[in-house]
Amino acid sequence: MPIDITKDTPQIALKKLKARESVLRHFEDIAGLGSWEVDLKTKKSVWSKESYKIYGLKEGTEVSIDTFFFMLLPEYITDAKTLLQEAIQTGKVLKFTCKARRKDGTIIDLFINGRVIFDENKQPLKLIGTTQDITEITNIKEEAKELAAILEYSSNEIYIIELETLRYLYVNKGACRALGYTNEEMLQKTVRDINPYLEKSKIAYLQEKIEQGEKVLNRTIHQRKDGTEYHVQSYIYKLAYHGKDAAVIFDTDISELIALEKEHHQQAKLLEYQAYHDTLTDLPNRTLFQDRLQQAIITSKRNEEKFALLFIDLDQFKKINDSLGHHIGDEVLIESAKRFQKVLREEDTLSRLGGDEFTIILKNLKSEKNAATVAQKLINSLKKPIETKHHSLHISSSIGISIYPNDAETQEDLLKYADTAMYKAKDEGRNNFQFYSSEMTQQAFEKVIMENSLRIAIKENQFEVYFQPQYNAETETIIGMEALVRWVHPHVGIVPPSEFIPMAEENGFIIDIDKIIMKQAMQEFSSWYAQGLNPGKLALNLSMKQLNENNFITDLLQTMQENNFKVSWLELEVTEGQVMQNPEQSIKKLKRLSNIGISIAIDDFGTGYSSLSYLKKLPLSKLKIDRSFIKEIPYDEDDIAITKAIIAIAKSLNLHIIAEGVETKEQKEFMLVNGCKKIQGYYYSQPLSRYKMTKLLKRSNET
Ligand code: C2E
Ligand code: CA
Ligand code: CA
């Protein structure tokens, strides 16, 4: 508050002024603020105590305005003089910052604040003002600036985000450079924009932690403006920024580190792989084999399944190794391993125990016979000589087989028994397989014999077609016949299809057999028609395997052509079970046949779980009710119901229907009453040789 001394006596006024001055001094002292005045005529100055202190001069030293200019650093002098002139001319307040050198040589920052006082004639009288030492504030500001610059130009990425919105409030140059965005672009974005893989829940979790004041370390992937990505490690903590709840994020590009980690990981994996695999053949080694064997025991026990352990030893390996060298030996081992592998399914484990010893685990074994089949295939796989650069090597193998749980239930025993069986195979003259249990070997032997005899049967054409007539039960006339194969074995006699068709399906012989029967049947039909007989339609059984053959349709057309056989005479029977194994594919293949004009019948209908939707899509003309449903008619209620249902399905799908296996008059009557007129079965006739069938046709032609 200004003091009023106009009414005081000079003594009192002086006292008051002194008191006031002392208070002012105090303020000056506290603020580091010095006051001064300059007589603009004489240039003489009066400085306060604090002013002397600021410049480092002894209090009372005579000073003038030039003392001030003298102490100013040279680069400020011109500006200061100009500003002073301006203040004198315009009366404006004088304000400027500058640097000065104190008496002791130290440089200080000053803030000068002054104004000119004019006399009654408006002539400039004096200049009064203050000088403030702002060295400390300036230093702090400069330091802050430097710090800001360090942050700004740091090669690390530094961000400040608003915690709530995740919007960027500050982004340093390093971050812009790393991401390829400009600063302005970045300030329009949020954390989510450049961290595309950071999940919402993770963000919420981090927000929470930061909010609570925790310093958070996190890894994430940044996406650049051009779409490329890189890994970063973030160090984040809470910060107040321009009055907002914010967080500062320091990010370091760790892509190289991640790549390094990956490499380490791969190396570790490779090392692990090498520890469990044979370097020569790349197969599982003994360690991994034992592990797999243990696993096989555990899963087979749990699922109540069987598995087979095969122990293979190459027969002439030692000889090859000794006479031709390890190098050739290695080639033989590699090639043998490859051939074995080809025989196996993916889930079977082939391992090399060492030397020329291999093992195989055949999991989920349905029958021991399957193990025999695989063993035979393994033996056959070595039949073709192994070709090296200079040699053509004939090699064979001996295989021993043990079965879990029949032979043993522990690792050690299974391996021991398979090994024993392998020596049995060696004793039997090598190039064969033996089961640990001799009973099994016997059965397998029969199978091998059977396979061999079938091979011979195909070569020597020991198959003969039989025909079973199909009747219209209303008119009692023949409307067609089914061709059925008979194997006429030179020593055994006639072998029924049930004895060999399953095996022929399994090993693919069925394709050749069906071709033989197709040809014989077509020849016979053409000849009957040529003689003026009327055999109706020829129903041929067709394995899906046959249909999947590449040139099946071409072969079929060619056989028809060669035998003057008309397409309209032909009907193909496919079993429901086979069609439903892969319905989509069956639809495709059967459509191609039906497009040529061949009718298609579904055989053994009712046993294969067809869905109505597939039945609609299949290009069918006939359903054949399976014999098993006819057998107990008219005694079994269920069979009656099923048979009626099948007839209803056929009617609703507009398909022909035929019953097979009709043996009695009651069965025939039942079928007729329920709307199934077509009948095949012993009631009318057993399958007949072509000779007998010709006689039957001739007889029915006469009536
Ligand atoms: P499938 O196609 O169901 O043939 C009908 C079977 O039922 C024939 O047996 C036939 O002799 C028998 N059968 C017919 N009527 C009666 C009857 O009233 N009572 C009894 N108990 N049986 C009757 P087969 O000839 O033994 O043929 C068995 C199966 O072998 C056939 O069943 C068929 O799936 C297959 N098969 C036969 N020949 C061939 C062929 O040339 N190729 C193909 N792929 N499979 C064939
Ligand atoms: Ca059939
Ligand atoms: Ca059938």
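The values are calculated or read from the model by the stated rules, or taken from the named source; none is laboratory data. The model shown is predicted, which means the values in this text are computed figures rather than measured ones. Virtual Cβ from ideal backbone geometry, glycine too; neighbours counted across all protein chains shown. Accessible surface areas use protein heavy atoms only, side chains included; no ligands, DNA or RNA. Shrake-Rupley method; radii C 1.70, N 1.55, O 1.52, S 1.80 Å.
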* Name, by its number, the condition in (1) within 15 Å of ligand 3 (Cβ to nearest atom); (2) closer than 15 Å to residue 676 by Cα that does not hold for residue 644. => (1)
* Scan segment 612-638 and report the pairs whose first residue is hydroxyl-bearing (Ser, Thr, Tyr) and whose second residue is away from ligand 1 (no atom under 16 Å from the Cβ) and open to solvent by 50 Å² or more (accessible area, probe 1.4 Å), with Cβ atoms within less than 9 Å and a gap of 6+ or a chain change. => 614/584; 621/656
* Structure fact -> For segment 301-325, pairs from a residue that is under 20 Å from residue 427 (Cα atoms) to a residue that is among the charged types (D, E, K, R) and assigned to a loop (DSSP other than H, G, I, E, B), with Cβ under 7 Å and 6 or more apart or across chains, are 313/356; 314/356; 315/430; 317/356
* To do: Scan (1) open to solvent by 30 Å² or more (accessible area, probe 1.4 Å); (2) within 16 Å of ligand 2 (Cβ to nearest atom) for the single condition residue 582 breaks and write down its number.
  => (2)
* To do: Just one of (1) touching a His at 6+ places or on another chain (Cβ under 7 Å); (2) open to solvent by 20 Å² or more (accessible area, probe 1.4 Å); (3) of a type outside the set (Lys, Arg) trips up residue 284, so point out which.
  => (2)
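Rundown of residues vs (1) of a type in the set (Val, Ile, Thr); (2) open to solvent by less than 80 Å² (accessible area, probe 1.4 Å); (3) more than 30 Å from residue 395 (Cα to Cα); (4) not assigned by TED's automatic domain parsing to the domain that holds residue 686, yes/no style:
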site: 432; (1), (2), (3), (4): no, yes, no, yes
site: 459; (1), (2), (3), (4): no, no, no, no
site: 464; (1), (2), (3), (4): no, yes, yes, no
site: 480; (1), (2), (3), (4): no, yes, yes, no
site: 495; (1), (2), (3), (4): yes, yes, yes, no
site: 500; (1), (2), (3), (4): no, yes, yes, no
site: 510; (1), (2), (3), (4): yes, yes, yes, no
site: 513; (1), (2), (3), (4): yes, yes, yes, no
site: 526; (1), (2), (3), (4): no, yes, yes, no
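Please work out which residue is least open to solvent (accessible area, probe 1.4 Å), limiting yourself to segment 528-548 and to residues that are touching a residue at least 60 places away in the same chain (Cβ under 8 Å) and within 13 Å of ligand 1 (Cβ to nearest atom).
539
Please determine whether any residue of segment 399-417 is of a type outside the set (A, V, I, L, M, F, W, C) and touching a Pro at 6+ places or on another chain (Cβ under 8 Å).
Checked against the condition, which is being of a type outside the set (A, V, I, L, M, F, W, C) and touching a Pro at 6+ places or on another chain (Cβ under 8 Å), segment 399-417 yields no hits at all.
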* To do: Kindly indicate whether any position in segment 529-541 is within 23 Å of residue 681 (Cβ to Cβ), more than 16 Å from ligand 3 (Cβ to nearest atom) and aromatic (Phe, Trp, Tyr).
  => no
* Consider only pairs whose beta carbons are under 6 Å apart and that are at least six residues apart or on different chains; among these, list those whose first residue lies in segment 549-576 and is farther than 23 Å from residue 470 by Cα and whose second residue is open to solvent by 40 Å² or more (accessible area, probe 1.4 Å) and away from ligand 3 (no atom under 16 Å from the Cβ). => 559/519
* Asked: Only one of 330, 356 is under 21 Å from residue 436 (Cα atoms), over 31 Å from the mean Cα position of the chain (by Cα), open to solvent by less than 80 Å² (accessible area, probe 1.4 Å) and among the acidic types (Asp, Glu); which?
  -> 356
* Asked: So which of 553, 596 ends up being away from ligand 2 (no atom under 16 Å from the Cβ) and touching a Lys or Arg at 6+ places or on another chain (Cβ under 7 Å)?
  -> 553
* Asked: Taking residue 700 and the conditions (1) closer than 25 Å to residue 567 by Cα; (2) within 16 Å of ligand 3 (Cβ to nearest atom); (3) open to solvent by less than 70 Å² (accessible area, probe 1.4 Å), which numbered condition does it fall short on, given that it satisfies the others?
  -> (2)
* Please state which one of 467, 435, 525, 500 is over 45 Å from the mean Cα position of the chain (by Cα), among the aromatic types (Phe, Trp, Tyr) and away from ligand 2 (no atom under 15 Å from the Cβ). => 525
* Check 409, 346 and return the single one that is over 25 Å from residue 328 (Cα atoms), exposed (fewer than 14 other Cβ atoms within 10 Å of the Cβ), touching a residue at least 12 places away in the same chain (Cβ under 8 Å) and not β-branched (Val, Ile, Thr). => 409
* Exclusive hit being in contact with a Lys or Arg (Cβ under 9 Å, 6 or more places away or on another chain) and surrounded by fewer than 22 Cβ atoms within 10 Å (Cβ to Cβ), set 470, 520 -> 520
* Asked: Looking only at residues in segment 585-598 that are more than 16 Å from ligand 1 (Cβ to nearest atom) and of a type outside the set (A, V, I, L, M, F, W, C), which one is most open to solvent (accessible area, probe 1.4 Å)?
  -> 588
* **strands (runs of 3 or more DSSP E) lying entirely in segment 90-173 (those with 2 or more residues that are open to solvent by 50 Å² or more (accessible area, probe 1.4 Å) and either in contact with a Pro (Cβ under 7 Å, 6 or more places away or on another chain) or without any contact (Cβ under 8 Å) to a residue 60 or more places away in the chain (or both))** => 94-101, 107-118
* Qualifying residues in segment 622-679 (those that are assigned to a helix (DSSP H, G or I), among the charged types (D, E, K, R) and open to solvent by less than 30 Å² (accessible area, probe 1.4 Å)) - the one farthest from ligand 1 (Cβ to nearest atom) -> 639
* Asked: Say we look at segment 600-621 and pick out the residues that are within 14 Å of ligand 2 (Cβ to nearest atom) and of a type in the set (Gly, Ala, Ser); which of these is surrounded by the fewest Cβ atoms within 10 Å (Cβ to Cβ)?
  -> 608
* Residues within segment 193-204 that are surrounded by 13 or more Cβ atoms within 10 Å (Cβ to Cβ) and over 22 Å from residue 259 (Cα atoms), tallied -> 3
* **Answer from 574, 579 - the residue that is modelled with pLDDT under 90 and touching a helix residue (DSSP H, G or I) at 6+ places or on another chain (Cβ under 9 Å)** => 579
* When both residues are 6+ apart or on different chains and their Cβ atoms are under 9 Å apart, which pairs have a first residue that lies in segment 190-203 and is of a type in the set (Ser, Thr, Tyr), and a second that is exposed (fewer than 11 other Cβ atoms within 10 Å of the Cβ)? -> none
* Members of segment 313-349 that are assigned to a helix (DSSP H, G or I) and polar (S, T, N, Q) -> 321, 323, 336, 341
* Structure fact -> When segment 224-249 is checked residue by residue, the ones that are outside any loop (DSSP other than H, G, I, E, B), in contact (Cβ under 8 Å) with a residue 40 or more places away in the chain, open to solvent by 50 Å² or more (accessible area, probe 1.4 Å) and of a type outside the set (Phe, Trp, Tyr) are 238, 239, 244, 245
* Asked: If you take the residues in segment 549-566 that are more than 15 Å from residue 519 (Cβ to Cβ) and open to solvent by 100 Å² or more (accessible area, probe 1.4 Å), which one is farthest from ligand 1 (Cβ to nearest atom)?
  -> 566
* Structure fact -> When every residue in segment 622-647 that is over 19 Å from residue 473 (Cα atoms) and under 47 Å from the mean Cα position of the chain (by Cα) is compared, the one farthest from ligand 2 (Cβ to nearest atom) is 645
